[in-house]
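Down below is the structure, laid out as structure tokens.
The values are calculated or read from the model by the stated rules, or taken from the named source; none is laboratory data. Since the model is a prediction, treat every value here as computed from it, not as a measurement. Virtual Cβ from ideal backbone geometry, glycine too; neighbours counted across all protein chains shown. Quick note on the areas: whole protein, heavy atoms, side chains included, nothing else; ligands and nucleic acids left out. Shrake-Rupley method; radii C 1.70, N 1.55, O 1.52, S 1.80 Å.
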Amino acid sequence: MIGENITRVREVLGIKQDELAKKLKTSQQMVSKLEKKEKISDDYLSKIATALGVSPETIKQFNEESLVTSFNQQGGVVNGININPIEAVIKIYEEKLQAKDKKIQQLENRLARVNKK
């Protein structure tokens, strides 16, 4: 069932339903319903995969056996999902820093324009 795979991938990545809902611009309740579905259109699955930072194939092919094997190998890859939580945390903070730097640059540009007047 594709919904169960979405749940498992989301949980492996440490993403909560409400966080995924924000990325999909929907509600946590809708994500909960999605995770119970047997089938999801390829277009919507692609949007979910993008929000999770994985490929649609990763979600489609996800299974418990590869997860267990990967954990046993420590730091392995589960159908394209890197399970190293430190790397996931670093990625999140790098994205947040880039967004912050962009915002600072926008504010500095606005301040420069105001000071020229």
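Using a cut-off of 25 Å between alpha-carbon atoms, which lysines can reach K37, once sequence neighbours fewer than 8 places away in the same chain are excluded?
Reachable lysines: K16, K22, K23, K25, K47, K60.
Each residue of the range 98-112 in order: what ³J(HN,Hα) in whole Hz does its phi give by Karplus 6.51 cos²θ - 1.76 cosθ + 1.60, θ = phi - 60°, with x for Gly and Pro?
With coefficients 6.51, -1.76 and 1.60, one gets 4, 5, 5, 4, 5, 5, 4, 4, 4, 5, 5, 5, 5, 5, 4 Hz.
Once neighbouring chains are kept in place and the probe is 1.4 Å, which whole percent of the accessible area of the range 1-67 is contributed by carbon and sulfur?
Answer for the range 1-67 is 46 percent, counting heavy atoms of protein chains only.
For E95 paired with S46, estimate the spin-label separation in nm (one decimal), with each label point 7 Å from Cα along the Cα-to-Cβ line.
2.0
Please give the net charge around L34, taking every other residue with its beta carbon less than 15 angstrom from that of L34, where Lys and Arg add +1 and Asp and Glu add -1.
Net of charged neighbours comes to +4.
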